[in-house]
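What follows is one structure encoded as C-alpha coordinates, with my remarks underneath.
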Amino acid sequence: MEDPLRKIPQISKILNRFAGLYPEPYVKRAAREITERYRKEIREGRRGSVEGIYEEIEKRIEELRRMSLRRVVNATGVVINTNLGRAPLPHSALALVEEIAVHYSNLEYDLRSGSRGSREAHVESYLLELTGAESALVVNNNAGAVLLVLNTLAKEREVVISRGELVEIGGSFRIPDIMRTAGALLREVGTTNRTRLSDYESAVGESTALIVKVHRSNFYMGGFTEEVSVEELAQLAERVGVPLYCDAGSGLLRDVGLGSGERTLGEYVSAGADLVSGSGDKLLGGPQAGIVVGRRDLVERLRRNPLLRALRVDKMTLAALEAVLRLHVENRLEEIPVIRMLTESEETLRRRARRLSKLLKGIAGLEVRVVKESARPGGGAFPELTLPTCCVALSHREISSEELSRRLRLSDPPVVGRLKRDTLLLDMRTVSDGELELVLRAVRKALQGE
Ligand SMILES: *Cc1c(COP(=O)(O)O)cnc(C)c1O
(Lines give C-alpha, C1' and ligand atoms only; values in the text may rest on other atoms or scores of the structure.)
Protein backbone atom coordinates (compact mmCIF):
# COMPACT_ATOMS: atom_id res chain seq x y z
CA MET A 1 0.00 0.00 0.00
CA GLU A 2 1.25 3.48 -0.85
CA ASP A 3 2.35 5.69 2.05
CA PRO A 4 -0.53 8.18 2.64
CA LEU A 5 2.06 10.82 3.58
CA ARG A 6 3.10 10.96 -0.05
CA LYS A 7 -0.46 11.69 -1.09
CA ILE A 8 -0.60 14.97 0.82
CA PRO A 9 -0.82 17.59 -1.95
CA GLN A 10 1.98 20.09 -2.51
CA ILE A 11 1.25 23.64 -1.41
CA SER A 12 1.65 24.83 -5.01
CA LYS A 13 -0.97 22.37 -6.16
CA ILE A 14 -3.39 23.61 -3.49
CA LEU A 15 -2.72 27.22 -4.47
CA ASN A 16 -3.52 26.38 -8.07
CA ARG A 17 -6.70 24.64 -7.18
CA PHE A 18 -8.08 27.64 -5.26
CA ALA A 19 -6.52 30.33 -7.49
CA GLY A 20 -9.07 32.97 -8.39
CA LEU A 21 -11.56 31.63 -5.87
CA TYR A 22 -10.04 33.01 -2.68
CA PRO A 23 -7.32 35.56 -1.88
CA GLU A 24 -3.95 33.79 -1.85
CA PRO A 25 -2.81 34.65 1.71
CA TYR A 26 -5.80 32.76 3.18
CA VAL A 27 -5.25 29.78 0.87
CA LYS A 28 -1.56 29.64 1.74
CA ARG A 29 -2.17 29.73 5.46
CA ALA A 30 -5.00 27.20 5.34
CA ALA A 31 -2.97 24.89 3.08
CA ARG A 32 0.00 25.00 5.44
CA GLU A 33 -2.10 24.43 8.57
CA ILE A 34 -4.19 21.58 7.21
CA THR A 35 -1.36 19.71 5.44
CA GLU A 36 0.72 19.93 8.61
CA ARG A 37 -2.15 18.58 10.65
CA TYR A 38 -2.73 15.70 8.24
CA ARG A 39 0.98 14.86 8.20
CA LYS A 40 1.11 14.77 11.98
CA GLU A 41 -2.04 12.69 12.33
CA ILE A 42 -0.85 10.18 9.72
CA ARG A 43 2.53 9.85 11.43
CA GLU A 44 0.87 9.25 14.77
CA GLY A 45 -1.34 6.62 13.21
CA ARG A 46 -4.54 8.56 13.84
CA ARG A 47 -5.34 8.95 10.16
CA GLY A 48 -5.05 6.46 7.33
CA SER A 49 -5.63 8.53 4.20
CA VAL A 50 -5.78 12.10 2.89
CA GLU A 51 -9.43 11.83 2.11
CA GLY A 52 -11.32 15.08 2.61
CA ILE A 53 -8.22 17.26 2.75
CA TYR A 54 -9.44 19.77 0.15
CA GLU A 55 -12.76 20.15 1.97
CA GLU A 56 -10.91 20.78 5.21
CA ILE A 57 -8.70 23.37 3.55
CA GLU A 58 -11.69 25.14 2.07
CA LYS A 59 -13.46 25.17 5.43
CA ARG A 60 -10.40 26.72 7.02
CA ILE A 61 -10.15 29.32 4.23
CA GLU A 62 -13.75 30.31 4.91
CA GLU A 63 -12.94 30.71 8.60
CA LEU A 64 -9.88 32.82 7.88
CA ARG A 65 -11.86 35.05 5.55
CA ARG A 66 -14.37 35.91 8.24
CA MET A 67 -13.75 39.09 10.15
CA SER A 68 -12.39 38.54 13.61
CA LEU A 69 -14.73 41.16 15.08
CA ARG A 70 -18.27 39.96 14.55
CA ARG A 71 -21.80 40.85 15.43
CA VAL A 72 -23.17 38.69 18.23
CA VAL A 73 -26.72 38.19 19.45
CA ASN A 74 -26.62 38.96 23.17
CA ALA A 75 -29.14 36.66 24.82
CA THR A 76 -27.50 36.86 28.24
CA GLY A 77 -29.93 39.48 29.53
CA VAL A 78 -26.97 41.57 30.74
CA VAL A 79 -27.64 44.91 29.10
CA ILE A 80 -24.28 46.55 29.77
CA ASN A 81 -22.15 43.57 28.85
CA THR A 82 -18.50 44.56 28.63
CA ASN A 83 -17.48 41.26 27.01
CA LEU A 84 -20.04 41.75 24.28
CA GLY A 85 -19.22 45.35 23.47
CA ARG A 86 -21.12 47.23 26.22
CA ALA A 87 -23.54 49.77 24.80
CA PRO A 88 -24.93 49.18 21.30
CA LEU A 89 -25.22 52.58 19.62
CA PRO A 90 -28.47 54.02 18.35
CA HIS A 91 -28.74 53.63 14.58
CA SER A 92 -29.21 57.36 14.21
CA ALA A 93 -25.73 57.96 15.65
CA LEU A 94 -24.16 56.04 12.80
CA ALA A 95 -25.12 58.56 10.14
CA LEU A 96 -22.93 61.20 11.78
CA VAL A 97 -20.11 58.70 12.46
CA GLU A 98 -20.02 57.73 8.80
CA GLU A 99 -20.19 61.33 7.60
CA ILE A 100 -17.29 62.33 9.82
CA ALA A 101 -15.25 59.15 9.35
CA VAL A 102 -15.11 59.11 5.56
CA HIS A 103 -14.72 62.86 5.05
CA TYR A 104 -12.60 65.66 6.40
CA SER A 105 -14.24 67.53 9.25
CA ASN A 106 -13.88 70.54 11.54
CA LEU A 107 -12.54 68.24 14.28
CA GLU A 108 -9.98 70.76 15.50
CA TYR A 109 -10.81 73.70 13.30
CA ASP A 110 -12.90 76.72 14.17
CA LEU A 111 -14.82 77.47 11.00
CA ARG A 112 -15.80 80.97 12.16
CA SER A 113 -12.29 82.24 12.80
CA GLY A 114 -10.48 79.94 10.38
CA SER A 115 -8.05 78.91 13.10
CA ARG A 116 -7.31 75.96 15.32
CA GLY A 117 -10.18 74.75 17.50
CA SER A 118 -10.63 72.16 20.22
CA ARG A 119 -11.96 68.69 19.60
CA GLU A 120 -13.81 68.43 22.90
CA ALA A 121 -15.69 71.65 22.20
CA HIS A 122 -18.09 69.71 19.97
CA VAL A 123 -19.73 67.97 22.89
CA GLU A 124 -19.08 70.34 25.78
CA SER A 125 -22.24 72.42 25.46
CA TYR A 126 -24.47 69.32 25.54
CA LEU A 127 -22.76 68.12 28.71
CA LEU A 128 -23.15 71.51 30.38
CA GLU A 129 -26.81 71.58 29.41
CA LEU A 130 -27.37 68.07 30.77
CA THR A 131 -25.45 68.36 34.03
CA GLY A 132 -25.54 72.04 34.95
CA ALA A 133 -21.75 71.95 35.38
CA GLU A 134 -19.47 74.90 34.59
CA SER A 135 -17.13 72.95 32.37
CA ALA A 136 -16.71 69.55 30.73
CA LEU A 137 -14.04 67.39 29.15
CA VAL A 138 -14.07 64.10 27.28
CA VAL A 139 -11.32 61.48 27.28
CA ASN A 140 -10.84 57.93 26.02
CA ASN A 141 -12.68 56.14 28.84
CA ASN A 142 -13.59 56.59 32.48
CA ALA A 143 -10.44 54.78 33.62
CA GLY A 144 -8.56 57.48 31.70
CA ALA A 145 -10.66 60.16 33.39
CA VAL A 146 -9.79 58.80 36.86
CA LEU A 147 -6.11 58.69 35.92
CA LEU A 148 -6.17 62.23 34.55
CA VAL A 149 -7.96 63.69 37.57
CA LEU A 150 -5.68 62.01 40.10
CA ASN A 151 -2.50 62.78 38.19
CA THR A 152 -3.46 66.42 37.69
CA LEU A 153 -4.78 67.22 41.15
CA ALA A 154 -3.02 64.77 43.45
CA LYS A 155 0.38 63.81 42.06
CA GLU A 156 2.72 63.13 44.97
CA ARG A 157 0.01 64.23 47.35
CA GLU A 158 -2.60 62.52 49.46
CA VAL A 159 -6.00 61.34 48.34
CA VAL A 160 -8.52 60.53 51.05
CA ILE A 161 -10.87 57.68 50.21
CA SER A 162 -13.08 55.22 52.10
CA ARG A 163 -11.81 51.63 52.45
CA GLY A 164 -15.23 50.51 51.28
CA GLU A 165 -14.63 52.15 47.91
CA LEU A 166 -11.26 50.67 46.98
CA VAL A 167 -12.98 48.57 44.39
CA GLU A 168 -12.02 46.48 41.42
CA ILE A 169 -14.11 46.98 38.32
CA GLY A 170 -13.85 44.49 35.48
CA GLY A 171 -10.56 42.76 36.22
CA SER A 172 -7.89 45.21 35.18
CA PHE A 173 -9.21 48.35 36.84
CA ARG A 174 -8.47 48.63 40.53
CA ILE A 175 -8.79 51.95 42.30
CA PRO A 176 -5.65 51.51 44.46
CA ASP A 177 -3.59 50.55 41.41
CA ILE A 178 -4.76 53.46 39.32
CA MET A 179 -4.02 55.85 42.20
CA ARG A 180 -0.49 54.55 42.42
CA THR A 181 -0.07 54.80 38.66
CA ALA A 182 -1.30 58.39 38.75
CA GLY A 183 1.32 59.15 41.41
CA ALA A 184 -1.21 59.86 44.16
CA LEU A 185 -0.70 58.71 47.73
CA LEU A 186 -3.57 56.69 49.08
CA ARG A 187 -4.97 57.67 52.48
CA GLU A 188 -7.61 55.08 53.33
CA VAL A 189 -10.23 55.88 55.93
CA GLY A 190 -12.91 53.89 57.74
CA THR A 191 -13.41 50.17 57.32
CA THR A 192 -14.72 48.00 54.52
CA ASN A 193 -18.31 48.21 55.71
CA ARG A 194 -18.46 51.47 57.68
CA THR A 195 -17.00 54.87 57.08
CA ARG A 196 -18.18 57.96 58.99
CA LEU A 197 -17.71 61.66 58.40
CA SER A 198 -15.40 61.80 61.42
CA ASP A 199 -13.08 59.30 59.69
CA TYR A 200 -12.65 61.71 56.81
CA GLU A 201 -12.35 64.69 59.16
CA SER A 202 -9.47 63.23 61.06
CA ALA A 203 -7.62 62.21 57.89
CA VAL A 204 -7.91 65.47 55.99
CA GLY A 205 -5.01 67.81 56.58
CA GLU A 206 -2.16 69.86 55.15
CA SER A 207 -1.03 67.18 52.73
CA THR A 208 -4.50 66.32 51.39
CA ALA A 209 -4.95 67.17 47.72
CA LEU A 210 -8.28 65.56 47.03
CA ILE A 211 -11.21 63.76 48.61
CA VAL A 212 -12.43 60.95 46.37
CA LYS A 213 -15.70 59.06 46.35
CA VAL A 214 -16.12 56.05 44.07
CA HIS A 215 -19.42 54.47 43.10
CA ARG A 216 -19.24 50.75 43.85
CA SER A 217 -20.89 49.94 40.52
CA ASN A 218 -20.63 46.19 40.39
CA PHE A 219 -21.59 45.15 43.89
CA TYR A 220 -23.51 46.43 46.86
CA MET A 221 -23.26 46.01 50.57
CA GLY A 222 -26.16 45.29 52.84
CA GLY A 223 -26.41 44.79 56.59
CA PHE A 224 -24.20 46.68 59.03
CA THR A 225 -22.94 49.41 56.74
CA GLU A 226 -22.50 53.14 56.74
CA GLU A 227 -21.17 55.58 54.21
CA VAL A 228 -20.93 59.34 53.95
CA SER A 229 -23.12 61.09 51.40
CA VAL A 230 -21.83 63.29 48.59
CA GLU A 231 -23.55 66.25 50.26
CA GLU A 232 -21.73 65.74 53.58
CA LEU A 233 -18.40 65.20 51.86
CA ALA A 234 -18.94 68.31 49.76
CA GLN A 235 -19.47 70.37 52.92
CA LEU A 236 -16.32 68.95 54.47
CA ALA A 237 -14.35 69.55 51.27
CA GLU A 238 -15.48 73.15 51.15
CA ARG A 239 -14.69 73.70 54.84
CA VAL A 240 -11.13 72.44 54.48
CA GLY A 241 -10.56 73.90 51.03
CA VAL A 242 -9.90 70.59 49.22
CA PRO A 243 -11.80 69.54 46.08
CA LEU A 244 -14.19 66.58 46.09
CA TYR A 245 -14.01 64.25 43.09
CA CYS A 246 -16.67 61.58 42.50
CA ASP A 247 -16.18 58.66 40.14
CA ALA A 248 -19.83 58.02 39.30
CA GLY A 249 -19.08 55.05 37.09
CA SER A 250 -22.09 54.71 34.86
CA GLY A 251 -22.43 58.14 33.25
CA LEU A 252 -26.19 58.36 33.82
CA LEU A 253 -27.45 61.69 32.48
CA ARG A 254 -31.18 61.53 33.13
CA ASP A 255 -33.43 59.74 35.57
CA VAL A 256 -34.65 56.64 33.76
CA GLY A 257 -36.99 55.54 36.53
CA LEU A 258 -35.03 52.53 37.74
CA GLY A 259 -34.72 53.52 41.37
CA SER A 260 -32.10 55.13 43.52
CA GLY A 261 -29.05 52.93 42.81
CA GLU A 262 -27.55 55.53 40.49
CA ARG A 263 -27.38 59.30 40.52
CA THR A 264 -27.11 61.35 37.39
CA LEU A 265 -23.87 63.27 36.79
CA GLY A 266 -25.93 66.43 37.28
CA GLU A 267 -27.12 65.24 40.70
CA TYR A 268 -23.50 64.80 41.80
CA VAL A 269 -22.80 68.35 40.63
CA SER A 270 -25.75 69.80 42.49
CA ALA A 271 -24.87 67.78 45.59
CA GLY A 272 -21.61 69.73 45.62
CA ALA A 273 -19.01 67.52 43.90
CA ASP A 274 -16.26 69.65 42.36
CA LEU A 275 -15.51 67.09 39.65
CA VAL A 276 -17.51 64.06 38.51
CA SER A 277 -16.61 61.44 35.95
CA GLY A 278 -18.42 58.56 34.25
CA SER A 279 -18.31 56.24 31.25
CA GLY A 280 -19.71 57.02 27.83
CA ASP A 281 -20.72 53.43 27.13
CA LYS A 282 -22.59 52.41 30.25
CA LEU A 283 -25.89 54.11 31.13
CA LEU A 284 -25.13 57.02 28.84
CA GLY A 285 -25.59 54.53 26.03
CA GLY A 286 -22.93 55.97 23.74
CA PRO A 287 -19.43 55.10 22.55
CA GLN A 288 -16.49 54.25 24.81
CA ALA A 289 -15.49 57.53 26.42
CA GLY A 290 -14.78 59.14 29.77
CA ILE A 291 -16.84 62.18 30.68
CA VAL A 292 -15.59 64.69 33.23
CA VAL A 293 -17.72 67.60 34.37
CA GLY A 294 -17.28 70.15 37.12
CA ARG A 295 -15.60 73.36 38.26
CA ARG A 296 -14.08 75.42 35.48
CA ASP A 297 -10.72 76.05 37.18
CA LEU A 298 -10.23 72.34 37.85
CA VAL A 299 -11.23 71.26 34.33
CA GLU A 300 -8.79 73.88 33.00
CA ARG A 301 -6.02 72.22 34.98
CA LEU A 302 -7.00 68.84 33.48
CA ARG A 303 -6.81 70.38 30.02
CA ARG A 304 -3.24 71.55 30.63
CA ASN A 305 -1.98 68.10 31.70
CA PRO A 306 0.18 66.62 28.88
CA LEU A 307 -1.41 63.25 29.72
CA LEU A 308 -4.58 64.49 28.01
CA ARG A 309 -2.85 64.13 24.65
CA ALA A 310 -2.49 60.41 25.30
CA LEU A 311 -6.10 60.05 26.45
CA ARG A 312 -7.81 62.02 23.76
CA VAL A 313 -10.83 60.72 21.91
CA ASP A 314 -10.98 59.84 18.26
CA LYS A 315 -13.24 61.66 15.78
CA MET A 316 -15.56 58.67 15.34
CA THR A 317 -16.09 58.54 19.07
CA LEU A 318 -16.83 62.25 19.18
CA ALA A 319 -19.30 61.93 16.33
CA ALA A 320 -21.13 59.06 18.04
CA LEU A 321 -21.04 60.88 21.37
CA GLU A 322 -22.45 64.09 19.92
CA ALA A 323 -25.29 62.15 18.28
CA VAL A 324 -26.15 60.30 21.51
CA LEU A 325 -25.86 63.40 23.71
CA ARG A 326 -28.30 65.14 21.38
CA LEU A 327 -30.82 62.35 22.04
CA HIS A 328 -30.38 62.96 25.78
CA VAL A 329 -30.81 66.71 25.40
CA GLU A 330 -33.96 66.21 23.34
CA ASN A 331 -35.18 63.60 25.84
CA ARG A 332 -35.52 60.96 23.13
CA LEU A 333 -34.34 58.28 25.54
CA GLU A 334 -36.38 55.47 23.98
CA GLU A 335 -34.07 55.75 20.94
CA ILE A 336 -31.04 54.83 23.06
CA PRO A 337 -30.77 51.01 23.05
CA VAL A 338 -29.31 50.62 26.55
CA ILE A 339 -32.05 52.70 28.13
CA ARG A 340 -34.78 51.11 26.02
CA MET A 341 -33.65 47.60 27.01
CA LEU A 342 -33.41 48.48 30.69
CA THR A 343 -36.89 49.94 30.78
CA GLU A 344 -38.76 47.54 28.51
CA SER A 345 -41.91 46.10 30.12
CA GLU A 346 -42.31 42.47 31.12
CA GLU A 347 -45.29 42.27 28.78
CA THR A 348 -43.15 43.26 25.78
CA LEU A 349 -40.51 40.72 26.77
CA ARG A 350 -43.11 38.01 27.17
CA ARG A 351 -44.55 38.73 23.74
CA ARG A 352 -41.06 38.52 22.24
CA ALA A 353 -40.38 35.23 24.02
CA ARG A 354 -43.63 33.78 22.70
CA ARG A 355 -42.77 34.83 19.17
CA LEU A 356 -39.35 33.23 19.37
CA SER A 357 -40.67 30.06 20.92
CA LYS A 358 -43.20 29.78 18.09
CA LEU A 359 -40.38 30.14 15.54
CA LEU A 360 -38.29 27.48 17.25
CA LYS A 361 -41.05 24.95 17.81
CA GLY A 362 -40.89 22.04 15.44
CA ILE A 363 -37.10 21.84 15.31
CA ALA A 364 -36.49 18.14 15.87
CA GLY A 365 -35.27 17.15 19.33
CA LEU A 366 -35.52 20.66 20.72
CA GLU A 367 -37.65 21.46 23.73
CA VAL A 368 -38.73 25.09 23.94
CA ARG A 369 -40.39 26.82 26.90
CA VAL A 370 -41.13 30.40 27.87
CA VAL A 371 -40.01 31.13 31.45
CA LYS A 372 -40.02 34.08 33.84
CA GLU A 373 -36.57 34.97 35.20
CA SER A 374 -34.68 37.87 36.70
CA ALA A 375 -31.45 39.48 35.52
CA ARG A 376 -28.99 42.21 36.48
CA PRO A 377 -28.27 45.22 34.30
CA GLY A 378 -24.53 44.42 34.51
CA GLY A 379 -21.38 46.38 33.73
CA GLY A 380 -21.14 48.69 36.67
CA ALA A 381 -24.62 50.08 36.90
CA PHE A 382 -27.48 49.71 39.36
CA PRO A 383 -25.68 47.01 41.39
CA GLU A 384 -28.69 46.49 43.67
CA LEU A 385 -31.21 46.10 40.92
CA THR A 386 -32.53 42.84 39.54
CA LEU A 387 -35.03 43.21 36.74
CA PRO A 388 -37.82 40.75 36.03
CA THR A 389 -37.39 39.33 32.57
CA CYS A 390 -38.67 36.67 30.21
CA CYS A 391 -36.57 33.94 28.60
CA VAL A 392 -36.88 31.18 26.06
CA ALA A 393 -35.47 28.05 27.69
CA LEU A 394 -33.93 25.49 25.34
CA SER A 395 -32.99 21.90 25.98
CA HIS A 396 -32.28 19.12 23.55
CA ARG A 397 -33.08 15.44 23.72
CA GLU A 398 -29.60 14.30 22.70
CA ILE A 399 -27.33 17.27 23.31
CA SER A 400 -26.32 18.64 26.71
CA SER A 401 -27.08 22.29 27.40
CA GLU A 402 -23.32 23.03 27.58
CA GLU A 403 -22.89 21.57 24.10
CA LEU A 404 -25.95 23.43 22.82
CA SER A 405 -24.55 26.64 24.25
CA ARG A 406 -21.15 25.98 22.63
CA ARG A 407 -22.71 25.28 19.25
CA LEU A 408 -24.78 28.46 19.40
CA ARG A 409 -21.67 30.49 20.22
CA LEU A 410 -19.97 29.03 17.15
CA SER A 411 -23.03 29.40 14.96
CA ASP A 412 -23.68 32.16 12.46
CA PRO A 413 -24.42 34.66 13.81
CA PRO A 414 -23.05 33.66 17.21
CA VAL A 415 -25.74 33.62 19.90
CA VAL A 416 -24.66 33.91 23.54
CA GLY A 417 -27.17 32.84 26.16
CA ARG A 418 -26.83 31.82 29.78
CA LEU A 419 -26.93 28.37 31.30
CA LYS A 420 -29.23 27.51 34.13
CA ARG A 421 -29.10 23.94 35.35
CA ASP A 422 -29.94 21.76 32.35
CA THR A 423 -31.35 24.47 30.10
CA LEU A 424 -29.95 27.23 27.94
CA LEU A 425 -31.76 30.50 28.59
CA LEU A 426 -32.17 33.06 25.83
CA ASP A 427 -33.06 36.27 27.66
CA MET A 428 -35.38 38.53 25.69
CA ARG A 429 -34.31 41.74 27.43
CA THR A 430 -31.18 42.01 25.31
CA VAL A 431 -32.54 40.49 22.08
CA SER A 432 -34.47 42.76 19.75
CA ASP A 433 -37.54 41.78 17.70
CA GLY A 434 -35.42 42.15 14.59
CA GLU A 435 -32.99 39.51 15.86
CA LEU A 436 -35.49 36.69 16.36
CA GLU A 437 -35.05 35.43 12.81
CA LEU A 438 -31.27 35.47 13.34
CA VAL A 439 -31.65 33.36 16.46
CA LEU A 440 -33.79 30.91 14.50
CA ARG A 441 -31.13 30.71 11.79
CA ALA A 442 -28.36 30.17 14.35
CA VAL A 443 -30.27 27.43 16.18
CA ARG A 444 -31.04 25.64 12.92
CA LYS A 445 -27.40 25.81 11.91
CA ALA A 446 -26.23 24.63 15.32
CA LEU A 447 -28.47 21.56 15.13
CA GLN A 448 -27.84 20.71 11.49
CA GLY A 449 -27.41 16.98 11.06
CA GLU A 450 -28.90 16.10 14.43
C1 LIG B 1 -16.84 51.21 34.83
C2 LIG B 1 -16.18 52.03 35.84
C3 LIG B 1 -14.91 52.58 35.60
C4 LIG B 1 -14.16 52.32 34.33
O5 LIG B 1 -14.79 52.96 33.27
P6 LIG B 1 -14.35 52.65 31.76
O7 LIG B 1 -15.16 53.62 30.95
O8 LIG B 1 -14.68 51.23 31.50
O9 LIG B 1 -12.90 52.91 31.65
C10 LIG B 1 -14.36 53.36 36.57
N11 LIG B 1 -14.99 53.59 37.74
C12 LIG B 1 -16.21 53.08 38.00
C13 LIG B 1 -16.85 53.38 39.32
C14 LIG B 1 -16.85 52.28 37.05
O15 LIG B 1 -18.07 51.78 37.31
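The values are calculated or read from the model by the stated rules, or taken from the named source; none is laboratory data. The structure displayed is predicted, hence computed values, not measured ones. Reconstructed Cβ throughout: ideal geometry from the backbone, glycine too, with neighbour counts over all protein chains shown.
Here are some notes:
- Hits in segment 111-151 (condition: surrounded by fewer than 24 Cβ atoms within 10 Å (Cβ to Cβ), at pLDDT 95 or above and in contact with a Lys or Arg (Cβ under 8 Å, 6 or more places away or on another chain)): TYR126, LEU130, GLU134, SER135, ASN140
- Test: ASP297 is among the acidic types (Asp, Glu), buried (at least 17 other Cβ atoms within 10 Å of the Cβ) and away from the ligand (no atom under 16 Å from the Cβ): no
- Scanning segment 231-249 for residues that are charged (D, E, K, R) and within 16 Å of the ligand (Cβ to nearest atom) gives a single hit, ASP247.
- When restricted to residues that are in contact (Cβ under 8 Å) with a residue 24 or more places away in the chain and more than 13 Å from the ligand (Cβ to nearest atom), segment 260-284 contains 9.
Yes or no, residue by residue, for (1) in contact with a Lys or Arg (Cβ under 8 Å, 6 or more places away or on another chain); (2) within 16 Å of the ligand (Cβ to nearest atom); (3) part of a helix (DSSP H, G or I):
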| residue | (1), (2), (3) |
| --- | --- |
| ILE61 | no, no, yes |
| MET67 | no, no, no |
| VAL78 | yes, yes, no |
| VAL97 | no, no, yes |
| LEU107 | yes, no, no |
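Yes/no matrix, rows are residues, columns are (1) under 30 Å from LEU69 (Cβ atoms); (2) β-branched (Val, Ile, Thr); (3) touching a residue at least 60 places away in the same chain (Cβ under 8 Å):
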residue	(1), (2), (3)
ARG355	yes, no, yes
VAL371	no, yes, no
GLY378	yes, no, yes
ARG397	no, no, no
ARG421	no, no, no
LEU426	yes, no, yes
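- Leading residue by the ranking (farthest from the ligand (Cβ to nearest atom)) among those in segment 187-211 that are in contact with a Leu (Cβ under 8 Å, 6 or more places away or on another chain) and assigned to a strand (DSSP E or B): ALA209
- Some residue of segment 351-370 being within 24 Å of GLY251 (Cβ to Cβ) and either within 16 Å of the ligand (Cβ to nearest atom) or part of a helix (DSSP H, G or I) (or both): no
- Residue pairs whose Cβ atoms lie under 7 Å apart, separated by 6 or more positions or on different chains, with the first residue in segment 75-89 and at positive phi and the second away from the ligand (no atom under 14 Å from the Cβ), are GLY77/ALA375; GLY77/THR389; GLY77/ARG418; GLY77/ASP427; GLY77/ARG429; GLY77/THR430.
- Matching residues, segment 215-249, being closer than 24 Å to GLY144 by Cα, touching a Ser or Thr at 6+ places or on another chain (Cβ under 8 Å) and either modelled with pLDDT of 90 or more or outside any loop (DSSP other than H, G, I, E, B) (or both): HIS215, VAL242, TYR245, CYS246, ASP247, ALA248, GLY249
- Positions within segment 80-95 being in a helix (DSSP H, G or I) and not hydrophobic (A, V, I, L, M, F, W, C), in sequence order: THR82, ASN83, HIS91, SER92
- Strands (runs of 3 or more DSSP E) contained entirely in segment 373-441, each with at least 2 residues that are loosely packed, with under 14 Cβ neighbours inside 10 Å: 418-420
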